[in-house]
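Let me begin by presenting the structure, written as structure tokens, before commenting on it.
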Amino acid sequence: MKLTGAQIVCEALVREGVDVVFGYPGGSVIKLYDTLIDYPIHHVLVRHEQAAAHAADGYARASGKVGVCIATSGPGATNLVTGIATAYMDSSPIVAITGQVSTNLLGRDAFQEVDITGITMPITKHSYLVTDVRELPHVMKEAFYIARSGRPGPVLIDIPKDVQAAETEFDYPDEIKLPGYEPPLEGDEDLIQKMADMINAAERPLILAGHGVILSGAEDELLALAERGNFPVATTLLGISAIPETHRLALGMVGMHGHKYANQAIQRCDLLIVLGARFSDRVTGKVATFAPNAKIIHVDIDPAEIGKNVEPDLAIVGDVKRVLRALIPLVQPRLCVEWITDLLRSRQQYQDPQAFQPKNGRLTSPMVIREIWRATGGQAIMVSDVGQNQMWEAQYYFHDRRRGLITSGGLGTMGFALPAAMGVQAAHPDAVVWATVGDGGFQMTIQELATIVQEKYPIKIAILNNGYLGMVRQWQQLFFERRYAFTPISSPDYLKLAEAYGIPAKRVTTPADLRSSVEEALRIPGPVVLEFLVEREDNVYPMVPAGASISEMIERHMVEEGA
């Protein structure tokens with residue numbers, strides 16, 4: 001059967017189980033779009049290509065499948081770059097398809113020509129420029145295989161216009177063999193036995209769960225291991241929801257804005273079991289003082305992560321789920337009573353009641369986040385942006401739903417939440433999806449309100465409006481003598497803006513209106529915008545200064561009593 005290049009792309013998408021793609025048409029990809037309309041694949045027309053990549057990323061993170069985005073050549077392709085880099089840093093599997101000028105114009109600075117494969121080489125697992133239509137079936141199969149296998153990540157396929165129009169015999173491969181690319185899945189048996197011996201001998205063991213637990217679908221195994229040994233479980237930001245956060249063994253997030261008791265647990269434990277995490281500087285703080293009393297076990301599917309930031313005492317390269325399945329029968333059941341009791345006492349003693357006290361007559365962001373948690377019972381899929389709103393969301397919403405938090409961790413991309421929430425809602429049409437954003441990040445991708453309306457996505461949007469680029473302002477307050485250089489930011493009238501898009505909206509200014517407003521938003525079947533006017537100069541506490549030990553936390557009383 002002879003097919004055009006555009007038909008081959010669409011046939012491959014269907015065979016790979018793709019039912020929705022996010023994109024924006026253009027001259028170099030018009031043949032593909034003309035073909036796509038004949039296939040059973042829903043296309044979401046975003047308002048900016050960056051949003052297409054974030055939406056594909058959100059879809060992938062929420063579903064565990066590969067997300068797909070499409071853009072034309074030149075600026076269309078380069079507009080994808082921030083989204084591709086975001087996915088790369090957080091190991092999210094997406095396939096980005098870009099149109100390219102015809103092969104006879106390559107390298108001639110033709111209209112809307114750009115070397116997108118070269119540009120994206122450092123931020124993809126692999127990138128292809130397909131100059132022969134006969135290569136296309138194999139490239140499509142290979143791209144999806146690479147994106148979803150091993151440590152997941154983005155793959156880019158650049159297809160010139162004439163290749164999209166050319167014909168060839170269509171023969172889609174059943175499987176892919178790539179010499180030199182064999183992601184390690186099974187951990188070494190002897191090392192797993194050694195891991196069990198170290199765990200059984202430890203007095204104060206602690207698990208640190210990262211994004212790799214979620215990517216490998218190892219939530220059941222993590223919980224089984226934790227309950228078998230009564231091991232407390234802390235998480236990284238992207239590891240949130242690896243364990244239900246209301247579970248008695250869950251300590252929550254560690255790191256720069258982690259919970260005080262979780263950071264203290266890291267510093268006190270005698271064995272740190274790190275599962276699918278990469279020792280980000282936001283987690284470790286000053287590496288030389290990180291977990292000073294502990295032996296460290298590191299399990300990760302990517303051998304390049306072993307010893308990159310922290311040298312472990314024992315490393316196992318493999319899929320977290322498979323390693324844990326082999327490990328659990330070797331771990332002795334026990335109580336760890338004293339260690340657990342100490343941690344629970346620390347968790348109960350550490351409170352920040354001022355986080356929930358109105359300031360200057362205004363709401364605080366923790367009040368808003370906690371109310372959304374109460375109203376949704378921890379079962380919403382929360383998509384947070386970047387900045388203070390991201391940290392407050394991570395601290396004050398208890399995620400009990402698997403894959404319940406979608407956020408940009410590694411790249412820290414402002415503007416991520418709104419388009420990513422579109423992908424999440426596409427993956428889970430019946431789920432309650434909230435996008436929590438600051439007034440700065442929201443304005444970066446605000447045009448996607450039109451996409452949300454066109455697609456009838458019932459996303460609830462919570463804007464925490466403090467009139468600042470809040471996290472930068474916080475740093476300016478604490479470390480730059482309150483010189484607020486270019487961080488005050490104005491906003492449009494969000495109610496009028498939402499009205500222009502046909503979205504119900506409400507401005508919430510007092511604690512008395514908080515609960516009823518959130519509950520009313522949940523009752524409305526479509527999208528809703530809630531603008532919360534929150535305290536302008538509230539800070540995220542605790543905070544570990546950059547380069548400091550995670551035991552050197554700045555707490556609220558240190559700042560406010562010293563002010």
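Convex hull over the Cα atoms of the stretch 231-307, averaged projected area in nm²? Mean projected area of the Cα convex hull: 5.0 nm².
Solvent exposure of the chain, expressed per residue, is 39 Å² of accessible area, with all protein chains present and a 1.4 angstrom probe. A DSSP coil position with no more than 11 other Cβ atoms inside 10 Å describes the following trypsin sites (Lys or Arg not before Pro) in the stretch 84-182: Arg108, Lys177. In order along the stretch 320-333, phi translates into HN-Hα couplings of 4, 4, 5, 5, 5, 4, 6, 7, 3, x, 8, 8, 6, x Hz, rounded to whole numbers, per the Karplus curve 6.51 cos²θ - 1.76 cosθ + 1.60 with θ = phi - 60° and x for Gly and Pro. Neighbours of Arg403 by Cβ distance under 10 Å: Lys/Arg scored +1, Asp/Glu scored -1, total +2.
Phi-derived couplings, Karplus 6.51 cos²θ - 1.76 cosθ + 1.60 at θ = phi - 60°, listed residue by residue for the stretch 157-162: 10, 9, 10, x, 4, 5 Hz, with x used for Gly and Pro. Summary of the geometry: the stretch 13-27 and the stretch 140-191, compared by the centres of their Cα atoms, lie 17 Å apart. Once the convex hull of all Cα atoms in the stretch 69-132 is built, its volume per residue stands at 77 Å³. Rounded to whole numbers, the Karplus 3J(HN,Hα) couplings from phi for the stretch 67-84 are x, 10, 10, 9, 8, 7, 6, x, x, x, 5, 5, 5, 7, 4, 4, x, 5 Hz, using 6.51 cos²θ - 1.76 cosθ + 1.60 with θ = phi - 60°, and x at Gly and Pro.
Measuring between alpha carbons in the structure, the pairs from Lys2/Lys161; Lys286/Lys359; Lys359/Lys506; Lys2/Lys456; Lys260/Lys359; Lys65/Lys260 lying more than 28 angstrom apart are Lys286/Lys359; Lys2/Lys456; Lys65/Lys260.
Sorted largest first, the spans of the alpha carbon positions of the stretch 397-457 along the three principal axes are 30, 28, 17 Å. The protection proxy used here, the mean number of other Cβ atoms lying within 10 Å of each residue, ranks peptides 118-124, 67-73, 43-49, 7-13 as follows, highest first: 67-73, 7-13, 43-49, 118-124.
Net charge of the neighbourhood of Asp38, taken over other residues with C-beta under 14 Å away and scored Lys/Arg +1, Asp/Glu -1, is -1. Each 10 Å bin from zero holds the following percent of Cα-Cα pairs in the stretch 390-540: 10, 40, 37, 12, 1. Taking a quarter of the surface of the Cα convex hull of the stretch 178-246 gives a mean projected area of 6.0 nm².
Ignoring solvent entirely, what values of log10 I(q)/I(0) come out of the Debye formula for the stretch 212-347 at 0.12, 0.14, 0.18, 0.19 Å⁻¹ when each Cα is a single scatterer? Each listed q corresponds, in turn, to -0.42, -0.59, -1.05, -1.19.
Label-to-label distance, His557 versus Thr509, with points set 7 angstrom from Cα along the beta-carbon direction: 3.4 nm. When peptides 400-411, 347-358 are sorted by average Cβ neighbour count within 10 Å, with the highest value leading, the order is 400-411, 347-358. The simple Förster model, with R0 at 56 Å and r as the Cβ-Cβ distance, assigns Glu189 and Asp109 a FRET efficiency of 0.50. Listed by chain and number, the aspartates and glutamates placed with their C-alpha closer than 14 angstrom to that of Lys295 are Asp197, Glu203, Asp270, Glu311, Asp313; residues fewer than eight positions away on the same chain are left out.
Overall shape of the chain was characterised from the C-alpha gyration tensor. The equivalent ellipsoid obtained from it has semi-axes of 39, 32, 20 Å, in decreasing order. Dimensions of the stretch 504-563 based on its C-alpha atoms, expressed as ranges along the principal axes with the largest first, amount to 47, 23, 15 Å. Measuring nothing but how far apart in sequence close Cα pairs (under 8 Å, 6+ apart) lie, relative to its length, the chain scores a relative contact order of 14 percent. Applying Stokes-Einstein at 10 °C and 1.306 mPa s to the Kirkwood radius of the stretch 279-432, computed over alpha-carbon pairs, gives a translational diffusion coefficient of 83 µm² s⁻¹. Over the stretch 106-180, the hull volume per residue, using the convex hull of the C-alpha atoms, is 106 Å³.
Between Ala450 and Tyr484, the FRET efficiency from the beta-carbon distance, with R0 = 30 Å, is close to 0.40.
Qualifying GluC sites (Glu not before Pro) in the stretch 136-233, where qualification requires a DSSP coil assignment and no more than 10 other C-beta atoms within 10 Å, comprise Glu175, Glu203. Of the solvent-accessible surface of the stretch 450-544, computed with a 1.4 Å probe over protein heavy atoms with every protein chain present, carbon and sulfur atoms account for 56 percent. DSSP beta bridges confined to the stretch 418-563 are antiparallel in about 10 percent of cases. The average projected area of the stretch 1-146, computed from the convex hull of its Cα atoms over all directions, is 8.1 nm².
The values are calculated or read from the model by the stated rules, or taken from the named source; none is laboratory data. The shown structure was predicted, so the numbers you read here are calculated from the model rather than taken from an experiment. Don't worry about glycine lacking a Cβ; one is built from the backbone with ideal geometry, like all the others, and counts go over all protein chains shown. For accessibility, only protein heavy atoms count, side chains too; no ligands or nucleic acids. Shrake-Rupley method; radii C 1.70, N 1.55, O 1.52, S 1.80 Å.
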